[in-house]
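Have a look at the structure below, then the notes.
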Amino acid sequence: MTKLWGGRFSKTAEEWVDAFGASIGFDQQLVEEDIEGSLAHVTMLGKTGVLAPEEVESIKKGLNTLLEKAKKGELEYNVANEDIHLNIEKFLIDEIGPVGGKLHTGRSRNDQVATDMHLYLRKQTQEIMALVKKVQGALVAQASEHVETLIPGYTHLQRAQPISFAHHLLAYFWMLERDYERYQDSLKRINVLPLGAGALAGTTFPIDRAYTAELLGFDGIYENSLDAVSDRDFIVEFLSASSLLMMHLSRLCEEFILWSSQEFQFIEIDDAFATGSSIMPQKKNPDMAELIRGKTGRVYGSLFSLLTTLKGLPLAYNKDMQEDKEGMFDAVTTVKGSLAIFAGMIETMTVKTETMNKAVHQDFSNATELADYLATKGMPFRQAHEVVGKLVLVCIQKGIYLLDLSMDDFKQASDLFEEDIFEILQPKTVVARRKSAGGTGFSEVLKALEKAKGLLKEKK
């Protein structure tokens, strides 16, 4: 088959070489974006008089026919045509004749492919943002039901202080809020048009790049043609934001896996998001959470792969940059799938409030309250810390907890203790008293919930 660019060549490559260099196996995912960009480009060529009105109408009619076929899955791509751009151009020429060859006037595959990816990532980023919002909504819904549900708070995976379960869930809401904002901010760089930059130096045709940008809904154009065709920062930024998002989801996966274990029994994951064992009938495995935790590495890999690909490239376009797409496509699939799973997993989980409550009554996570109590009575905190540490040691030796101590036990440790200490040490009191801004106190959690709900309403 004669290549659309083959005039300069005296022989063609063998099929296996073509297959190695071709990208149609994966960049066919850009078919709708490629046609969308071409429709805007040919409209601009008509407006500027580069092409005659009848040529423009013929090309647009052909492109719209191809778009309908693409949506129905009726296009059969050929590896000999290398990529989505040449496949579409070949389809177009077959559809409307030689005039289809005029579509490529004033552009190169270099600015064309960059445009396709800008269009693709703009759409995908907006869809991911909507999914992030959905997960945030699921977190807020669960948190609203569990403001006064207590759970042990951990540091070093050791019980530290009791907290509101809603407070714990909302920590992930705010992580996801930062993720949402990163995606939102990245749209500023995504929504810039490279089309019209040509191969690297612009074009002699009297094109109107600003008009093309307007047609495609871009906020502006790349100011430098070399930068336009060689920039992949917007993909790196997308993969970076996605890596952070997946890291946050992976951390929550880890907690879900722990909380649903026999050792914790704080939650139960719905059957729809768990699997069984082929040999052990009793098993219920948190496989979806484990998969998301594992898939995080895929997104990290795509980020590092692209950074490595780009790090030594001279301007402008190099064939190495064909490696920018598969990782991007894979990250989009992974992130969207993970978010969709997580929304359902959070919405349907069962929270075992009695087990959580029992846990906070059978540990020493209220010990800090004792130290704070003594400090408010005038004892230096470091001294109070030592006094309470010794009381904890007494409890450990006796096999009891702080609330099991008698008033005499407290008085022996310090005369500053009064009868109110037994109320102070109640886990619910411990949590309720933490009213500092952003703390786990119930009043603060309610404020945080209202703020979170307000942010969700502001999102489109």
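For I269, are the conditions met, namely being surrounded by 13 or more Cβ atoms within 10 Å (Cβ to Cβ) and without any contact (Cβ under 8 Å) to a residue 40 or more places away in the chain? Against the criterion (surrounded by 13 or more Cβ atoms within 10 Å (Cβ to Cβ) and without any contact (Cβ under 8 Å) to a residue 40 or more places away in the chain), I269 does not qualify. Being loosely packed, with under 15 Cβ neighbours inside 10 Å and of a type outside the set (A, V, I, L, M) is the filter here, so list the residues in segment 190-210 that pass it. T204, P206, listed by residue number. With the condition kept exactly as written, say whether any residue in segment 128-148 is outside any helix (DSSP H, G or I), touching a Leu at 6+ places or on another chain (Cβ under 7 Å) and either assigned by TED's automatic domain parsing to the domain that holds A343 or modelled with pLDDT under 95 (or both). Scanning segment 128-148 turns up at least one residue that is outside any helix (DSSP H, G or I), touching a Leu at 6+ places or on another chain (Cβ under 7 Å) and either assigned by TED's automatic domain parsing to the domain that holds A343 or modelled with pLDDT under 95 (or both). With respect to E419, determine if the residue is farther than 25 Å from T149 by Cα, out of contact with any Asp or Glu (no Cβ under 8 Å at 6 or more places or on another chain), of a type in the set (D, E, K, R) and in a loop (DSSP other than H, G, I, E, B). Judged against the criteria, E419 is a match.
Scanning segment 332-353 for residues being surrounded by fewer than 23 Cβ atoms within 10 Å (Cβ to Cβ), more than 22 Å from H146 (Cβ to Cβ) and not aliphatic (A, V, I, L, M) gives a total of 4. If you go through segment 437-460 and keep only what is modelled with pLDDT of 95 or more and either among the basic types (K, R) or in a loop (DSSP other than H, G, I, E, B) (or both), you end up with A437, G438, G439, T440, G441, K447, K451, K453, K457. Look at segment 396-422: where a residue is assigned by TED's automatic domain parsing to the domain that holds D363 and of a type in the set (V, I, T), no partner that is surrounded by fewer than 11 Cβ atoms within 10 Å (Cβ to Cβ) and at pLDDT 95 or above sits 6+ places away or on another chain with Cβ atoms under 8 Å.
Taken over segment 306-317, the criterion of being in contact (Cβ under 8 Å) with a residue 40 or more places away in the chain and part of a loop (DSSP other than H, G, I, E, B) is satisfied by L313, L315, A316, Y317.
E254 fulfils the conditions (1) within 24 Å of D116 (Cβ to Cβ); (2) part of a helix (DSSP H, G or I); (3) not β-branched (V, I, T) except for a single criterion, (1).
The values are calculated or read from the model by the stated rules, or taken from the named source; none is laboratory data. All of these numbers come straight from a predicted model, not from anything done at the bench. Neighbour counts run over all protein chains shown; Cβ positions are idealised from the backbone, glycine included.
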